[in-house]
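Participant: Structure below; questions to follow.
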């Protein structure tokens, strides 16, 4: 029996996604793989959660209110505390559009923001997404 204030030891995935149905979809998928999920509904909440936890993986949506995923991605990749956390960009935005955005951000930057290693479109096959999640967590 788990005590209420004892943190579960295991792999944790931080989900940053504004759509409730997608958050629950991702939570169910993460749990089906045996991992714990922390759900946040926008970039502000997602970055705030990082102040108190270090997840094994971040799943990040791009189009969100308050602080969009592209800005969160930029912050995560610039900040040395977070840049090495495996990350999956999970979005309905075309990957080429996101890559173009990163390219434009990098025009005047001395230290370039890398393209995401894993970009999964929301229309992707669930089994493919599970494989990417497993690959990221076992890195």
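The values are calculated or read from the model by the stated rules, or taken from the named source; none is laboratory data. Here the structure is a predicted model, which is why all the values come from computation and not from measurement. Glycine gets a Cβ as well: all are built from the backbone with ideal geometry, and neighbour counts include every protein chain shown.
Participant: Kindly indicate whether residue 80 is in contact with a helix residue (DSSP H, G or I) (Cβ under 7 Å, 6 or more places away or on another chain), assigned to a loop (DSSP other than H, G, I, E, B) and over 22 Å from residue 26 (Cβ atoms).
Facilitator: no
Participant: Go through the stretch 55-66 and count every residue that is free of Cβ contacts under 8 Å to residues at least 40 places away in the same chain and either surrounded by fewer than 17 Cβ atoms within 10 Å (Cβ to Cβ) or under 20 Å from residue 12 (Cα atoms) (or both).
Facilitator: Count: 1.
Participant: Does residue 46 qualify as being touching a residue at least 24 places away in the same chain (Cβ under 8 Å) and farther than 24 Å from residue 131 by Cβ?
Facilitator: Spelling it out, it is not the case that residue 46 is touching a residue at least 24 places away in the same chain (Cβ under 8 Å) and farther than 24 Å from residue 131 by Cβ.
Participant: Just one of (1) surrounded by 12 or more Cβ atoms within 10 Å (Cβ to Cβ); (2) within 29 Å of residue 104 (Cα to Cα) trips up residue 80, so point out which.
Facilitator: Result: residue 80 passes all but (1).
Participant: Between 62, 93, 72, which is within 11 Å of the chain's Cα centre (by Cα) and part of a loop (DSSP other than H, G, I, E, B)?
Facilitator: 62
Participant: Now for a separate question. Here are 133, 113, 88, 102: which of them is surrounded by 13 or more Cβ atoms within 10 Å (Cβ to Cβ), touching a strand residue (DSSP E or B) at 6+ places or on another chain (Cβ under 9 Å) and either modelled with pLDDT under 95 or part of a strand (DSSP E or B) (or both)?
Facilitator: 88
Participant: Just to be sure I understand, how many residues within the stretch 116-130 are outside any loop (DSSP other than H, G, I, E, B) and surrounded by 14 or more Cβ atoms within 10 Å (Cβ to Cβ)?
Facilitator: Going through the stretch 116-130 one residue at a time, the tally reaches 6.
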